[in-house]
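Only the coordinates and a few stated rules stand behind these numbers; no lab work does. What you are looking at is a predicted structure, and each value in this text was computed from that prediction instead of being measured. Heads up, the Cβs are rebuilt from the backbone with ideal geometry, glycines too, and the neighbour counts pull from every protein chain shown.
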């Protein structure tokens, strides 16, 4: 009996870990959608760039520098944020007035380009990023072994990010503006805020988050040029379930995603991915704004 | 321009030559393409081309069906490939699992099941709008994909359903008979869609696209019509899926994978979503470029595709076939302001395509002969220099609205085209010059622009430019 | 009684846009609703045409309850409407704009095979003539000047051959000459077709020149209702809306 209970908690904890990983990735997507109204397909590419750049930094550039992984965590997301800046100022901003679906298509075009660029720069084979020294082993939690990296790096970073975003959006001046913008874009403009600059800043923050997600997630598995496609669909599911534009919703969506995946693998290993899409469909049908999102009007 | 053709100049007298003319176009296409295999085989060209055309026809059918939703009804589906899969598996399962199942029935079942599935899925999707609609169609198509993937006992999982029994004539060694079968089915299918699009139903769909609220208040039950459109698109997509299954004699889950949905979306955008033939042109072009690039430069296909997509979205939103006005310009500005905006737009797009052409041609030339990259770079810089000096002057001349300069610009693309043909830039690289030419023509060939240049209004436009 | 609105209340959350509004319109009448901005005129129209469901109350058309029916069903029963902000099909030609409505009225919209350009030619052109757009049949709707778009709006509304026509601020944004000609056109069409008209207006000259019955709305309530002279003489109305000594 207690075996079953501990099994349950183990899966629960595992689910939390998966949830935290996907939260880190999805937070940027949700933020950008909430403020700009753009569902950025290329967010997965920022994630991918983060992962590949940390590979280059740890394997080549900073190889001999002690603590190179931690340095990479500081540097790489900034580089990815710079890429985001270029994308926003060079392309995205010209298409804000267009149909949102055209914006989505534009970001999809970028995804296609970025995937091949990564292939050209890093090759098409799987690469791996080594875990930083001190976190290469395992840790026992509830009688089960978990990679110590997941427990001691991923979890704290995600939680820190969550707290950081919360503090930013609720207790800083600019953060409150951002939060207001997720509720009513036009009103914020009418209040005299430079909306263009706001959009750029938010997009850069979003890309930074995406890059950070990539850096943190990189040592957890193999990295490969198609990972942007794979992760963006997962991120879509999370933000749809949680509610597009709602930061709290992203946390909730990530938790549901992680737990479903964890328990799903345990009970119905064949169909767990199917269940996740079914859940996404159900949420969209029953409550299209997501669990914590704002009301969505029907019709075009 | 939307699909309405010219109305009679005298009220009350209806012109009847429209659709009859179109019938001849379809018949002509049927006749011309019928003999392609003969030509290919006689000329000794690779059999690949017969297969290429077969696939192009199937994708054209799929793309036109998709565009019924996107271009005509304004519903952008990210999961249309679900019906490819459903149609394909219907035919595959019926023919393989049930011994001696009649071929005709197995074939016809595909569009019917496709339409039925679309009715069920559409019922849910139609309730949503925009992004949420797109997301739900995506979710459903992934559900179809994963169902096929995981239901190993029934569908063979990711090993696929192989060895679907097909009649002998489908399997003939030179693919000719199957080619003809596909040709006939697709021409027929596209013709039916043509009739639908030009019927009152089709017009109603465009009204729904333009203004669903207003459509509701002329008595149209918008949701019902959207569902019907969804079902028609699903049915024809199922038909395309069956054709693919018969072609490959097998079905795999990835027939329904979401990247196939985006492929048909790209085809439609490339060719132009607001015209009927746009998706067909887009399908042929995309498949051609895919074959060309994957053969010569493996590994950059997606880069090229993504770049073309970005190019089209910025420079040629109407696609190759669509000479539409952007929503901005279709406003109630007076003609002078509209002309000024048009000219400004033209200048912006002209530079945009020039830069794109330099980048693409430089990129492709470097790929072709990496060793001479310095020469390529110098050549590109040289072009940039010449263009940078010449074009502003030419564009200023154009702003005077002199007819002569309009003609100069219309003929202009011949220059870069000749240069690139001489340099033997790969065909896909020439695409950009083609898009540039199309863009120029799209802007300068419009009736209002022509009228402005021919002096009817230029007098009062001059001070404003 | 063609149209009867009975004690309609519409609240959005805590905000009451309409409170206990009742009005009647007789067949063949030209009735007008006036009131300051935010009085609830458009909301009332939206309730009548089914775009909004009232929180309380009901709407009857031809003694038949239409509360809660879908807009397209109400339209099919014979209620037409033009909208305050021009609501046409922007990228369709003027001809197509009207033809779509005609085809819908003729119940031919589900026809999947006959080429549309063979159908409804005469009716569509007749309508275009009536609203003065016959010579611009091939122009793209969205490129028309504002005044012409309003005419097109009217043409689309008339295509459904309504018995009751609701016009939401038909002369908004127009110069005095345009206003006069628009009103003349509307009046002429209404008389020719025996239409019942219910419109909202800001321009008092217009209102008092053609309206036979006026309802005054203020903050979601009916302030006064009746023949023009009655309303003009009503002190409450004068105080709130027309200003002293109107």
Query raised in the report: If you count, for every residue in C:142-155, the Cβ atoms of partner chains within 10 Å of its Cβ, what is the mean?
Result: 2
Report summary line: Per the Cα gyration tensor, the protein assembly as shown corresponds to an equivalent ellipsoid with semi-axes, largest first in Å, of 49, 38, 32
Report summary line: Rounded to a whole number, the mean other protein chain Cβ count within 10 angstrom for residues of C:72-78 is 4
Report summary line: Kirkwood calc, segment C:92-161, C-alpha pairs only, radius in angstrom 11.9
Query - Rg [Å, one decimal], Dmax [Å, integer] - segment C:1-143, C-alpha atoms - result: 17.9, 52
Query raised in the report: If eta is 1.567 mPa s and T is 4 °C, what Stokes-Einstein diffusion coefficient results for chain A, Kirkwood Rh from Cα pairs, in µm²/s?
Result: 65
Query raised in the report: So how compact is segment A:120-199: Cα radius of gyration and Dmax in angstrom?
Result: 20.6, 57
Report summary line: Burial-style ranking of C:203-210, B:79-86, C:77-84, average other-beta-carbon count within 10 Å with highest first, yields B:79-86, C:77-84, C:203-210
Report task. Under 1.5 on a/c is rounded, so check that first for segment A:226-300, then, if it is not, pick prolate when a/b is larger than b/c and oblate when it is not; a ≥ b ≥ c are the square roots of the alpha carbon gyration tensor eigenvalues. Result -> prolate
Report summary line: tail above 22 Å in the computed P(r) of chain C, as % of all Cα-Cα pairs, reads 54
Requested in this report: Round to the nearest 10 and give me the degree value, 0 to 90, for the angle of helix C:121-130's Cα axis relative to the longest principal axis of chain C.
Outcome: 40
Query raised in the report: From largest to smallest, what semi-axes in whole angstrom does chain B give when each is the square root of 5 times an eigenvalue of its alpha carbon gyration tensor?
Result: 40, 29, 21
Report summary line: Over chain B, the sum of -39500 (n - 2.57) across DSSP H runs of at least four, divided by residue number and rounded to 500 deg cm²/dmol, gives at 222 nm -23500 deg cm²/dmol
Query - Degrees separating the helix B:258-271 axis from the principal Cα axis of chain B, which is the longest one - result: 40
Query raised in the report: What area, in nm² and to one decimal, does the C-alpha convex hull of segment A:186-284 cast on average over all directions?
Result: 8.2
Query raised in the report: For segment B:81-151 and segment B:350-390, what is the separation of their Cα centres, given in Å?
Result: 46
Requested in this report: Report the semi-axes of the equivalent ellipsoid for segment B:77-178 in whole Å, largest first, where each axis is √(5λ) for an eigenvalue λ of the Cα gyration tensor.
Outcome: 29, 15, 12
**Report entry** 0 to 90° range, to nearest 10: angle between helix C:176-193 axis and chain C longest Cα axis
**Finding:** 80
Query raised in the report: Given 5 Å bins starting at zero, what is the percent of C-alpha pairs of segment B:335-464 in each, up to the one with the largest pair distance?
Result: 2, 10, 20, 21, 16, 11, 9, 6, 4, 2, 0, 0
Query - CD proxy at 222 nm, helix term only [per DSSP H run n ≥ 4: -39500 (n - 2.57); per residue of chain C; nearest 500] - result: -10000 deg cm²/dmol
Report task. Just report the Cα centroid separation between segment C:143-173 and segment C:53-74, whole Å. Result -> 22
**Report entry** Distance from segment B:179-216 to segment B:290-318 (C-alpha centre basis), Å
**Finding:** 28
